[in-house]
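Enquirer: Below you'll find the structure I mean.
The values are calculated or read from the model by the stated rules, or taken from the named source; none is laboratory data. What you see is a predicted model; the values in this text were computed from it and never measured. Glycine gets a Cβ as well: all are built from the backbone with ideal geometry, and neighbour counts include every protein chain shown. Side chains are part of the model used for accessible areas, which takes the heavy atoms of the whole protein and leaves out ligands, DNA and RNA. Shrake-Rupley method; radii C 1.70, N 1.55, O 1.52, S 1.80 Å.
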Amino acid sequence: MKIAVYSGTFDPVTNGHLSVLERGARLFEHVYVAVARQNYKNTLFTTEERLILLEDAVRCIPNVTVEAFDGLLVDFAKEKGAVGILRGLRVITDFEYEMQMASFNKYLCPSIDTVYLTAAPEFSFVSSSMIRNIAELDGDVSAFVPCGVAEALREKYGYSDGRGRLCPDGTEKTCF
């Protein structure tokens, strides 16, 4: 079975992440979304909250499993039997960092290749940090995140004016 690992902090998961994941799930027989517990970032959402938000967002992609991991990504990938590490590229500045990380991963585990997918044009400017910044100021991020994430951001930042919007699945929930 051709398995890939798609890693990140996903703080929060965006529609750009999901676009890369959906396309990766068509290329690989199974994809593990690896949520980093240990990272150099101060996350807004706890690991458990990020897992819940991701599991909700990927529930319609049958060959995807969401798990948290500690330590080196290549160790997690080897444990899962992965042949690939899936990564998304938004802008050219992403490439330098991603190339460096892929080179280290290849050195640490030569049998695992990094596969890059470019962001869909409508999400090429979207980053989790920008989403958090806009949401913190009560801005509308509903076009860029799953509905459940929009709700979680409102709750996290204490906005509770009850603005209801239709979510992509057609249900009405309190979203940005």
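Enquirer: Just give me the residues in region 55-99 being over 11 Å from residue 116 (Cβ atoms), at pLDDT below 95 and part of a helix (DSSP H, G or I), in sequence order.
Expert: Correct list: 92, 93, 96, 97.
Enquirer: Identify all residues within region 117-148 that are touching a helix residue (DSSP H, G or I) at 6+ places or on another chain (Cβ under 7 Å), open to solvent by less than 80 Å² (accessible area, probe 1.4 Å) and farther than 11 Å from residue 15 by Cα; write none if there are none.
Expert: Selection gives 117, 135, 148.
Enquirer: Next question, about the same structure. Hey, residue 20 hits all of (1) buried (at least 19 other Cβ atoms within 10 Å of the Cβ); (2) part of a loop (DSSP other than H, G, I, E, B) but one; which does it fall short on?
Expert: (2)
Enquirer: Here's another thing I want to ask about it. Residue by residue through region 74-97, note down the ones that are within 18 Å of the chain's Cα centre (by Cα) and either without any contact (Cβ under 8 Å) to a residue 40 or more places away in the chain or open to solvent by 80 Å² or more (accessible area, probe 1.4 Å) (or both).
Expert: Listed by number, the residues that qualify are 74, 89, 90, 91, 94, 95, 97.
Enquirer: What number goes with the only condition from (1) of a type in the set (Ser, Thr, Tyr); (2) farther than 17 Å from residue 156 by Cα; (3) surrounded by 18 or more Cβ atoms within 10 Å (Cβ to Cβ) that residue 14 does not pass?
Expert: It is condition (2) that residue 14 fails.
Enquirer: A further question on this structure: Check residue 2 against each of (1) surrounded by 16 or more Cβ atoms within 10 Å (Cβ to Cβ); (2) in contact (Cβ under 8 Å) with a residue 60 or more places away in the chain; (3) among the basic types (Lys, Arg) and name the one condition it does not meet.
Expert: In the conditions (1) surrounded by 16 or more Cβ atoms within 10 Å (Cβ to Cβ); (2) in contact (Cβ under 8 Å) with a residue 60 or more places away in the chain; (3) among the basic types (Lys, Arg), residue 2 misses (1) alone.
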